[in-house]
Amino acid sequence: MASVCIEEHILDVVDYPKPGIVFKDISPLLADHAAFTATVDALAAVGRAADGAVVVDKVLGMEARGFILAAPVALALGVGFVPVRKAGKLPRDVHATTYALEYGEATLELHTDAVAPGERVLLVDDVLATGGTLDASRRLVEQCGGTVAGVAVLMELGFLPGRTTLGDLPVTSLLTV
Ligand code: AMP
């Protein structure tokens with residue numbers, strides 16, 4: 001496949017959802033087969049060793065745009081997909097964790113049996129900003145007895161402390177803006 005410039009397919013939406021925020025809209029990327037394929041392939045590579053062997057047991061995606069990227073990454077790696085959801089959306093027993101937002105807080109949940117003890121999990125999301133969402137997801141995996149092997153994101157906002165929040169967790173970002 002010819003090389004694809006992923007960045008060309010991401011739109012900046014100024015002052016959305018509130019003044020001062022530049023929202024990174026990945027809809028055009030998802031609508032472009034070549035760009036979407038290149039993105040999924042690059043994110044899936046994070047779940048492989050240098051020899052191509054798959055080194056994760058599950059791929060976990062965060063509601064909502066994380067689902068869109070994590071599910072095809074799981075299929076590409078030949079492993080299962082696990083959704084982390086906002087409070088009250090999962091129907092069975094859950095682990096829950098609450099984390100701080102700029103204003104207020106949010107709760108994320110994971111089915112207690114979504115990750116088996118000892119499983120290695122790859123976290124996938126579209127944007128790494130403050131790191132709160134991915135850090136909360138890491139805690140949920142650990143509550144199940146699993147381990148986060150790494151984080152793969154389409155882009156990170158380099159002016160925010162996402163990597164610091166995630167500490168020693170290996171983070172791969174396809175773009176830094
Ligand atoms: P954070 O927890 O601060 O790292 O924020 C990451 C989550 O919020 C991801 O699930 C993103 O989908 C979303 N997010 C944060 N900032 C942006 C942004 N500027 N544009 C689009 N999505 C964002």
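The values are calculated or read from the model by the stated rules, or taken from the named source; none is laboratory data. Since the structure is predicted, the reported quantities are computational estimates derived from the model, not experimental observations. Counting neighbours? That spans all protein chains shown, and the Cβs are built from the backbone with ideal geometry, glycine included. Note: accessible area is taken over every heavy atom of the protein model, side chains too, but ligands, DNA and RNA are not part of it. Shrake-Rupley method; radii C 1.70, N 1.55, O 1.52, S 1.80 Å.
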Is it true that T39 is free of Cβ contacts under 8 Å to residues at least 40 places away in the same chain and over 16 Å from V121 (Cα atoms)?
no
If you take the residues in the stretch 136-147 that are under 13 Å from L60 (Cβ atoms) and free of Cβ contacts under 8 Å to residues at least 60 places away in the same chain, which one is surrounded by the most Cβ atoms within 10 Å (Cβ to Cβ)?
L140
Does the stretch 85-92 contain at least one residue that is more than 25 Å from I6 (Cα to Cα), open to solvent by less than 50 Å² (accessible area, probe 1.4 Å), charged (D, E, K, R) and within 14 Å of the ligand (Cβ to nearest atom)?
no
Selection within the stretch 46-71 - hydrophobic (A, V, I, L, M, F, W, C) and closer than 19 Å to L134 by Cα
V46, V56, V59, L60, M62, A64, F67, I68, L69, A70, A71
A96 vs (1) surrounded by 12 or more Cβ atoms within 10 Å (Cβ to Cβ); (2) within 16 Å of the chain's Cα centre (by Cα): all pass except (2)
Of the residues that make up the stretch 53-69, is at least one of a type outside the set (K, R), open to solvent by 70 Å² or more (accessible area, probe 1.4 Å), away from the ligand (no atom under 16 Å from the Cβ) and free of Cβ contacts under 8 Å to residues at least 12 places away in the same chain?
no
Are there strands (runs of 3 or more DSSP E) fully within the stretch 77-177 with at least 2 residues that are over 30 Å from E8 (Cβ atoms)? List them.
80-86, 94-100, 105-111, 120-128, 147-156
Check the stretch 136-156 and report whether any residue there is small (G, A, S) and within 12 Å of the ligand (Cβ to nearest atom).
yes
So which of T98, T107 is touching a Lys or Arg at 6+ places or on another chain (Cβ under 9 Å) and either of a type in the set (D, E) or farther than 19 Å from T147 by Cβ (or both)?
T107
In the stretch 1-40, which residue that is small (G, A, S) and open to solvent by 60 Å² or more (accessible area, probe 1.4 Å) is farthest from the chain's Cα centre (by Cα)?
A2
Exactly one of G78, G162, G132, G118 is free of Cβ contacts under 8 Å to residues at least 40 places away in the same chain, exposed (fewer than 14 other Cβ atoms within 10 Å of the Cβ), in contact with a strand residue (DSSP E or B) (Cβ under 7 Å, 6 or more places away or on another chain) and not aromatic (F, W, Y), and that one is G78
In the stretch 20-42, residues that are within 14 Å of the ligand (Cβ to nearest atom), modelled with pLDDT of 95 or more and not β-branched (V, I, T) total 7
